[in-house]
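One structure below.
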Amino acid sequence: MTVIDFSAFIGRLATASGETILPFFRTSLSIDDKSKTKDFDPVTEADRAAEAVMRRLIKANFPQHGIVGEEFGNEREDADYVWVLDPIDGTKSFIGGFPIWGTLIALLHKGTPVFGMMHQPFIGERFSGDNGSANYKGPSGERRLQVRRCASLSEATTYTTSPLLMNESDRAIFGHIEKSARLSRYGGDCYSYCMLAAGHVDLVVETELKPYDIAALIPIVTGAGGVVTTWEGKPAQGGGRIIAAGDARVHEAALKLLNQ
């Protein structure tokens, strides 16, 4: 089966997860803290319910496939096809009532992300990609996604979710990016990468991401013409310290600063 064969099913996963999540949004939620340290790492009933729905659909339709999920762990990770699920990327925004969150759904084939979708059900937006192309569907209609040209880091708009999520050393390194960029903004989680793919942002720099935080976003960014790697310039699907850029020139300049 090709990626095209899976695209309709990924749409079903997005619809089912969105219908599960929305009744919880902007309501009084019970919130658990998954963190074993002083850092707050929230999880809600909506996270768990949405992932459970997607897992059931995958197992019913593709029982031979593997699943990697944020809330319920990993199954059959060594399968040729593996689904990587983050039911709510941006849970901190979700519990604050801000719609800057999304459901991330990735399909890996032999370890490589071949299709990804970010679904924001409250706004009604879907960003998807297969490395060769990327598309948007939402209230303003449907269109192809394309990164914008940016000749240098000094002209770039850069995003990170929060420097406070970085360790002291990485935060200091990221400071070099901030000093060089034209504009630096915080927040966004998965939305930052989608805005990069849509041509509104030039650079996203993050640390300590998990595979489910980034796997779905790689085919979207690369499909729109961008670049996603680790800070070392390696493949990014395993998570860690991640850099995404719309223009290869900005990616190269940022990598030099991050590794000087």
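The values are calculated or read from the model by the stated rules, or taken from the named source; none is laboratory data. Keep in mind it's a predicted model, so treat the numbers as computed, not measured. All Cβ positions, glycine included, derive from the backbone under ideal geometry; neighbour counts span all protein chains shown. For the accessible areas, the whole protein counts, side chains as well, though only heavy atoms, and no ligand, DNA or RNA atoms are used. Shrake-Rupley method; radii C 1.70, N 1.55, O 1.52, S 1.80 Å.
All of (1) open to solvent by less than 40 Å² (accessible area, probe 1.4 Å); (2) more than 19 Å from Leu257 (Cα to Cα) hold for Val205 with one exception: (2). Do the conditions hold for Thr15, that is, is it modelled with pLDDT of 95 or more and either in contact with a helix residue (DSSP H, G or I) (Cβ under 9 Å, 6 or more places away or on another chain) or surrounded by fewer than 17 Cβ atoms within 10 Å (Cβ to Cβ) (or both)? So Thr15 passes the test. Elements of the type helices (runs of 4 or more DSSP H) sitting completely within the range 166-260 and holding at least 3 residues that are of a type in the set (A, V, I, L, M) and closer than 22 Å to Trp101 by Cβ: these cover 190-197, 217-223.
Val228: open to solvent by less than 40 Å² (accessible area, probe 1.4 Å) and in contact (Cβ under 8 Å) with a residue 40 or more places away in the chain, yes or no? In short, no.
Please verify whether the range 154-164 includes one or more residues that are of a type in the set (A, V, I, L, M, F, W, C), without any contact (Cβ under 8 Å) to a residue 60 or more places away in the chain and part of a helix (DSSP H, G or I). Checked against the condition, which is being of a type in the set (A, V, I, L, M, F, W, C), without any contact (Cβ under 8 Å) to a residue 60 or more places away in the chain and part of a helix (DSSP H, G or I), the range 154-164 yields at least one hit. Take the residues of the range 47-81 that are more than 19 Å from the chain's Cα centre (by Cα) and among the β-branched types (Val, Ile, Thr): which is surrounded by the most Cβ atoms within 10 Å (Cβ to Cβ)? Within the range 47-81, the match that is surrounded by the most Cβ atoms within 10 Å (Cβ to Cβ) is Ile58. Across the range 171-228, the number of residues qualifying as charged (D, E, K, R) and in contact with a Lys or Arg (Cβ under 9 Å, 6 or more places away or on another chain) comes to 4.
When each of Glu208, Glu232, Glu178, Glu168 is tested for being of a type in the set (Asp, Glu) and within 20 Å of Glu155 (Cα to Cα), the lone residue that passes is Glu178.
Counting only residues that are of a type in the set (Asp, Glu) and assigned to a loop (DSSP other than H, G, I, E, B), the range 66-91 holds 5 of them.
Residues checked against (1) loosely packed, with under 14 Cβ neighbours inside 10 Å; (2) among the hydrophobic types (A, V, I, L, M, F, W, C); (3) touching a residue at least 60 places away in the same chain (Cβ under 8 Å):
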{"position": "Trp101", "(1), (2), (3)": "no, yes, yes"}
{"position": "Pro139", "(1), (2), (3)": "yes, no, no"}
{"position": "Ala151", "(1), (2), (3)": "yes, yes, yes"}
{"position": "His176", "(1), (2), (3)": "no, no, yes"}
{"position": "Asp213", "(1), (2), (3)": "no, no, yes"}
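Out of all the residues in the range 183-204, is one or more under 22 Å from Pro113 (Cβ atoms) and polar (S, T, N, Q)? Yes, the range 183-204 contains a residue that is under 22 Å from Pro113 (Cβ atoms) and polar (S, T, N, Q). The single residue among Ser133, Ser162 that is open to solvent by 20 Å² or more (accessible area, probe 1.4 Å), at pLDDT 95 or above and within 17 Å of the chain's Cα centre (by Cα) turns out to be Ser133.
Would you be able to say whether some residue in the range 92-100 is under 20 Å from the mean Cα position of the chain (by Cα) and part of a strand (DSSP E or B)?
no
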